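Worksheet: one structure, shown below.
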Amino acid sequence: MSIRLGDTAPDFTADTTDGPITFHDWKADSWAVFFSHPADFTPVCTTELGRTAALKDEFAKRNTKAIALSVDSVEDHKSWAPDIGEVGGTDLNFPIVADPDHMVSELYDMIHPGEGDTSTVRSVFVIDPANKVRLSLTYPKSVGRNFTEIVRVLDALQATDKGPIATPVDWTPGERVIVSPALSTDDAKEKLANVEEIKPYLRYADAP
Ligand code: BEZ
């Protein structure tokens, strides 16, 4: 099943390194970054999960929980965890879902047969407090993801939820935002500070 932006993230119950969880209950009213990796004891995955552990405080500041998945068993995840801590410098501090029967990875369309085998590709879903899917990314097995970008996307999504705005290319917090095309410049001046019209369709403002 393919999952589109705006869909409700499918709920599931599965075994994880933190014990059995039911996803929506575990997530509760947080944001979540739910991401798959191809296999335990593989080099790129070890760096990705290490980086995710090191970002725990950054995720917490954004009311966000991380959760990973591969088709390996929970015993394998637990045996691999010390390597993640050693390589990334922070002990594993988020759950890894065990999905040996592919129940969750098929629900989230994380197995792409054209990518070589029946392990999961590098999928990422950013899910909001109302359980809506707000972003999806798919990377091949050979390319590690940029978790700084995932944190930036959380910032951008949370900023755009605050007002009638969008974020321009390469935006980071503290930079000016773009007025929603749905808003006239006059209306924008009532709702946002320092509105500047570059083109009739391109107006900048301070972030709300
Ligand atoms: C890795 O995590 O290093 C990896 C896993 C599967 C294919 C290629 C690389």
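The values are calculated or read from the model by the stated rules, or taken from the named source; none is laboratory data. Just so we're clear, the structure is a prediction, and the values are computed from it rather than from any experiment. Quick reminder, even Gly has a Cβ in these numbers, built from the backbone with ideal geometry, and neighbours come from all protein chains shown. Keep in mind that these areas ignore ligands, DNA and RNA; they rest on the heavy atoms of the full protein, side chains included. Shrake-Rupley method; radii C 1.70, N 1.55, O 1.52, S 1.80 Å.
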> Between rounded, prolate and oblate, where does segment 105-187 land on the alpha carbon gyration tensor, with a ≥ b ≥ c its root eigenvalues, rounded for a/c under 1.5, else prolate if a/b exceeds b/c?
Replying inline: prolate
>> Suppose we keep just the alpha-carbon trace of segment 162-205; what are its Rg and Dmax in angstrom?
In response: 9.6, 27
> Quick one: accessible area per residue over the chain, 1.4 Å probe, rounded to a whole number of Å²?
Replying inline: 48 Å²
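Would you kindly calculate the translational diffusion coefficient of the chain, applying Stokes-Einstein with the Kirkwood radius from alpha carbon pairs, for 37 °C and a viscosity of 0.692 mPa s, and quote it in µm² s⁻¹ without decimals?
Numbers: Rh = 18.3 Å.
In µm²/s, the coefficient is 179.
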>> Charges at C-beta only: +1 for Lys and Arg, -1 for Asp and Glu. How large is the resulting dipole of the chain about its Cα centre, in Debye rounded to 20?
In response: 760 debye
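Could you size up the charge dipole of segment 26-126 around its Cα centre, putting +1 on the beta carbon of Lys and Arg and -1 on that of Asp and Glu, and report it in debye to the nearest 20?
Details: 8 positive and 17 negative charges, 115 e Å.
Magnitude of the dipole: close to 560 debye.
Could you tally up the Lys pairs in segment 13-145 with alpha carbons closer than 18 Å? Skip any pair fewer than 8 positions apart unless they're on separate chains. Kindly include the intermediate steps, with their values, before the conclusion.
On the way: LYS27/LYS56; LYS27/LYS61; LYS27/LYS65; LYS27/LYS132; LYS56/LYS65; LYS65/LYS132.
For segment 13-145, the number of qualifying lysine pairs is 6.
What ranking, highest mean first, results for peptides 34-40, 173-179 when packing means the other Cβ atoms within 10 Å averaged over each residue?
34-40, 173-179
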>> Could you sort ARG134, ARG4 by their accessible area in this structure, using a 1.4 Å probe and putting the largest first?
In response: ARG4, ARG134
> Around ALA207, which amide H atoms from residues at least 5 apart in sequence, or from another chain, sit under 5 Å from its own amide H, with H modelled in the peptide plane?
Replying inline: VAL177
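State the percentage of accessible surface on the chain attributable to carbon and sulfur atoms; use a 1.4 Å probe and exclude ligands, DNA and RNA.
51 percent
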> Just ALA156, ALA193, ALA14 to compare: in a GNM of the chain, with alpha carbon springs under 10 Å, which one fluctuates most?
Replying inline: ALA193
> Which of the lysines could a cross-linker bridge to LYS191, judged by Cα under 25 Å and excluding same-chain residues fewer than eight apart?
Replying inline: LYS162, LYS199
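Going by accessible area, probe 1.4 Å, with all protein chains left in place, what is the ranking of LEU69, LEU137, largest first? List each step's numbers first, then the result.
On the way: LEU69 0, LEU137 55 Å².
Sorted descending by solvent-accessible area, the residues read LEU137, LEU69.
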>> Filter the chain for me: DSSP H helices, axial length by Cα at least 30 angstrom, mean Kyte-Doolittle hydropathy not below 0.0. List them by residue number.
In response: none
